[in-house]
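K.L.:
This structure is in C-alpha cells; I'll ask about it shortly.
What follows draws every value from the coordinates through simple rules; no lab data is involved. All of these numbers come straight from a predicted model, not from anything done at the bench. Note that we place each Cβ from the backbone using ideal geometry, even for glycine, and neighbour counts take in every protein chain shown.
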Amino acid sequence: MTTSIFAERGDKTEIETGAVFQPKFDSDGLIAAVVTDHASGEVLMVGYMNAEALRRTIETGEAWYWSRSRQAYWKKGETSGQIQHVKEIRTDCDQDAIWLKVEVAGNGATCHTGFNSCFFRKIVTDADGGFRLERVEKERVYDPKGVYGS
C-alpha cells in the first residue's frame, strides 16, 4: 500500500501547524478514521483507511475504508444504502488520525448490527467491582438480517 499520492512527511513544525497534508500511515499502511454525525456530533464509528481509501474519500465525498478482516476496500453503505456523505475532513496535530464529519443516507444508521452508532453500549461498574456493558441505544434502527442476510 503506497502513500505517495500524499506529501512526504517533513518538518515537525509543518506537520503540526502547517498547511501541507502529510498523513502518517502506520506500519500496515493504515490511518484511523473517527466518524461523527455532522449535525449532532455523535460518534458513529471508527474505521481504517489506507492511502487509496483516503484518496477515494476526498475525491468522491463518500466514505471509503480498508477492511482489515476482508483485506478489501469498503464503501460504507454500498450494501445497506447507509452511504456516508462527507461534509468535512480533519486531521489531528500529528496527522496520524482522520476525523470525518458525515451525513448518513438511507435510514441514517451506521452500525452493521442495526444501531444508529457502533458505540451503542457503555461500560458500567457493578457494586461488586465487576464490569459489564449496558445499551445506551435501546432499539435497533433496522433489522440487519433484512439488509445483509443471515
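K.L.:
How many residues does region 19-58 contain that are hydroxyl-bearing (Ser, Thr, Tyr), outside any strand (DSSP E or B) and in contact with a Phe, Trp or Tyr (Cβ under 9 Å, 6 or more places away or on another chain)?
P.N.:
Within region 19-58, the first condition is being hydroxyl-bearing (Ser, Thr, Tyr), and the residues that meet it are 27, 36, 40, 48, 57.
Next, from what is left, pick out any that are outside any strand (DSSP E or B): 27, 40, 57.
Pick out the ones that are also in contact with a Phe, Trp or Tyr (Cβ under 9 Å, 6 or more places away or on another chain) and you get 57.
The qualifying residues number 1.
K.L.:
Right, here's the next one. Please count how many residues of region 95-107 are part of a loop (DSSP other than H, G, I, E, B) and either out of contact with any helix residue (DSSP H, G or I) (no Cβ under 6 Å at 6 or more places or on another chain) or exposed (fewer than 13 other Cβ atoms within 10 Å of the Cβ) (or both).
P.N.:
Pass one, region 95-107, residues part of a loop (DSSP other than H, G, I, E, B): 95-96, 105-107.
Right, trim to either out of contact with any helix residue (DSSP H, G or I) (no Cβ under 6 Å at 6 or more places or on another chain) or exposed (fewer than 13 other Cβ atoms within 10 Å of the Cβ) (or both) and you get 96, 105-107.
Of the residues in region 95-107, 4 are part of a loop (DSSP other than H, G, I, E, B) and either out of contact with any helix residue (DSSP H, G or I) (no Cβ under 6 Å at 6 or more places or on another chain) or exposed (fewer than 13 other Cβ atoms within 10 Å of the Cβ) (or both).
K.L.:
If the Cβ limit is 8 Å and pairs must be 6+ apart or interchain, which residue in region 18-34 that is on the phi > 0 side of the Ramachandran plot pairs with which residue that is hydrophobic (A, V, I, L, M, F, W, C) and surrounded by fewer than 17 Cβ atoms within 10 Å (Cβ to Cβ)?
P.N.:
Gly29/Met1
K.L.:
Only residues that are part of a loop (DSSP other than H, G, I, E, B) and either in contact with a helix residue (DSSP H, G or I) (Cβ under 7 Å, 6 or more places away or on another chain) or closer than 28 Å to Ile15 by Cα (or both): list them for region 74-94, please.
P.N.:
Result: Thr79, Ser80, Asp92, Cys93, Asp94.
K.L.:
So Trp66 fits all but one of (1) assigned to a loop (DSSP other than H, G, I, E, B); (2) touching a strand residue (DSSP E or B) at 6+ places or on another chain (Cβ under 9 Å); (3) hydrophobic (A, V, I, L, M, F, W, C); what number is the exception?
P.N.:
(1)
K.L.:
For region 43-94, which residues satisfy the criterion of being among the acidic types (Asp, Glu) and either buried (at least 19 other Cβ atoms within 10 Å of the Cβ) or under 13 Å from the mean Cα position of the chain (by Cα) (or both)? Let's see the steps before the verdict.
P.N.:
Taking region 43-94 and keeping what is among the acidic types (Asp, Glu), we get 52, 59, 62, 78, 88, 92, 94.
Selection gives Glu62, Glu88.
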